[in-house]
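No lab work stands behind these numbers, since they all come straight from the coordinates. Owing to the predicted nature of the structure, the values given are computational and were not obtained by experimental measurement. Note that we place each Cβ from the backbone using ideal geometry, even for glycine, and neighbour counts take in every protein chain shown.
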Amino acid sequence: MVDSMKMVKKSLWLTLGVALAFTTAAQAQGPVPAGKVQDLSLLVARDLPCVWPLGMTPFAVVPTATFPRAGRHRDMLIIDEHTGTQWDAPAHFVPPPDSGLPGAGPNGLITGEKVPAWQFCGEACVIDVTALRDDAENGKGKLIGPDIVKAWEKQHRPLGPGDVVLFRSDYTDSYYKPFPAGDRFVAKALRKETPGWPAPNPQTMEYLADRGVMTLGLDGASMGALPDMAVPTHQAGGKRGMIWVECATNLKSLPATGSFFAILAAKHAGGSGGECRCIAITEPAIASELIASAKAKRVADLSVTLHEDYPIVWPGRGPGEEGGRYVSKVLNAFSPQRGPYFALTHLFDSHAGTHVNLPSFALPADSAESAKADPAVRDRLAAFETQFGKLPMATATTEVLPLHQTMGNLHLVDVRPLAGKAAFSEAKPTGPVITLQFLQEHAKSKPFQPGEIVAFRTGHTDAKLKPLPAAPDKDALFVLPLEGKTEGWASPTPEAIAWLAGQGIRCVATDGPTLGGVDPNHSQQVDWMAAAKEMLVIEFLTNLQAVECKEAFFLFAPIKIEGTRGGYGRALAIVK
């Protein structure tokens, strides 16, 4: 799958000033070796067949902020839910119960944000159907019957609750290529010029549901085989509450059993599923522990729901600084003209909701960007470099983010005791400060370990994330703190971030909307320090109380979109 493109991107990561944190020595510090995290996700890019070629929204990335103007980079996305590697909630093909449509039922109300967190992970059970990949007439896909599943069970073990059944045909590995070759992926099959992909029939869905399997996946373009099995197969699984991944890839990297599998999905309110990042951990000891927790349903969702009526996108500190607002629109709602399915399409800032910042988000791409920076950015840059040294440059983007760096044992730092102590004003918005001394005192009772994911629990998002008020009132999560009318959320000092990096921490997270807080100068310096230390920063978590006083393993991955500098995704905690 676009191997040459991946090699070029990996080379850029290693050669453009952002590789120091990802050396072999740094990798060895983490609990998951880099080679034991398998990326099972397709790259989303304009020159790849990432969007279904009929009735869907074309994908686009639009730059909206640059380092010279803002000291950071931002992008706006136009993206359909079913783009690239994607997942289906029951509501995608099951109509709501009061619709009167064929196949309607209560599971038609289970939209993406209502699926329980435990259903997004489990033990990967890989069923090899590569022999069926091209064994069909043009315009048709071979059906995977229950007999194939039963044969696998006879060879390996019975399937049951907590298993994630993955049908491996190597279809995406073979045919997901840049255009014009990319037409072979879906378009030529729809034109009946080539065979389609293998997919299970409705009887297989029923058989697996009877076994207690609630999560599936395949590396074909749809869970429904061409030409006409989409509705019956989707409805057979959806009416039983099953979810599944479509357009997975690299399933050949997994053994038949024993890997921990996770769907790290966009969390669209009212969605039919959505874009996702699929990963597997193949290190046996770690995988075994995570599988046991997943099968016991000890999984917590730490992600903000993406919703039009909530303040989930950076509003800026003034006119001209706002990120692209989150817009969610019905693309199709069981339309007789367009098809018996439900789906949404979206337009929004790539860092909406729970998201990760790469070093390239905050750092200049080259010396020219620094040289032409606006006066306010130049002043902050001069102050930073006087105190901390020359700011490095970075260009690496989301598709080459090292996934093992955003996964590991969760180290929760409760900073709520700092609340109420900030001397904020409209002239100087500020919030509580997490100092180096505070972290050192915390470490006396709970030392930081290399490779941990350090998460600051401020409590801000849980308390303040509410529907947007009617004007002229302003939201209490972002705007009032940014205007200095209320206290902001807690944020670490640059020195505290540098100290954590020295402890072997490669990823830091917060349940505040940003790591740097509300003061513009402080925020900029925190972002630059984290980026200069090649840290990944995960912002806008929620629900950290679910892991309070518990040992947990943290998982996050952004949607694999080419050219962005981080982005949105799903954060899960596997409670041990």
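Using only Cα coordinates, the Kirkwood hydrodynamic radius of the range 116-232 works out to 14.7 Å.
Each residue in D228, D75 was given a count of other beta-carbon atoms within 10 angstrom of its own, and listing them fewest first yields D228, D75.
Evaluated over the Cα positions of the range 187-254, the convex hull gives a direction-averaged projected area, one quarter of its surface, of 4.9 nm².
In percent, what relative contact order does the range 353-575 have, based on Cα pairs under 8 Å that are 6 or more apart in sequence? This gives 32 percent for the range 353-575.
Over the chain, what is the relative contact order in whole percent, taking alpha-carbon pairs under 8 Å and six or more residues apart? After rounding, I find 20 percent. Near the amide H of S303, within less than 5 Å, lie the amide hydrogens of T542, A571, all on another chain or at least 5 residues away, with H placed in the peptide plane. DSSP bridge analysis restricted to the chain gives an antiparallel fraction near 65%, rounded to the nearest 5.
Multiplying the residue separation of A368 and E193 by 0.36 nm and subtracting their alpha-carbon distance yields 58.1 nm. Computed over the alpha-carbon pairs of the range 353-575, the distance histogram in 5 Å steps reads 1, 7, 14, 19, 20, 18, 13, 6, 2, 0 percent, short to long.
Taking amide H as placed 1.01 Å from N in the peptide plane, the amide H of G323 sits under 5 Å from that of W314, G316, each at least 5 places away or on another chain.
Between S99 and C549, the modelled label-to-label distance comes to 4.5 nm, taking each label 7 Å out from Cα in the direction of the beta carbon. Between K252 and H156, the modelled labels are 1.8 nm apart [label points 7 Å from Cα along Cα→Cβ].
Helix-only estimate, please: 222 nm mean residue ellipticity of the chain, summing -39500 (n - 2.57) across DSSP H runs of length 4 or more and dividing by its residues, to the nearest 500. Intermediate results must be reported in sequence, preceding the final value.
Details: 17 runs with 136 residues, N = 576.
-6500 deg cm²/dmol, from helical runs alone.
Between the alpha-carbon centres of the range 199-276 and the range 356-411 there is a gap of 38 Å. Across the alpha-carbon set of the chain, the Rg to Rh ratio works out to 0.97, Rh being the Kirkwood radius. Restricting attention to the range 353-575, close to 55% of DSSP beta bridges with both partner residues there are antiparallel.
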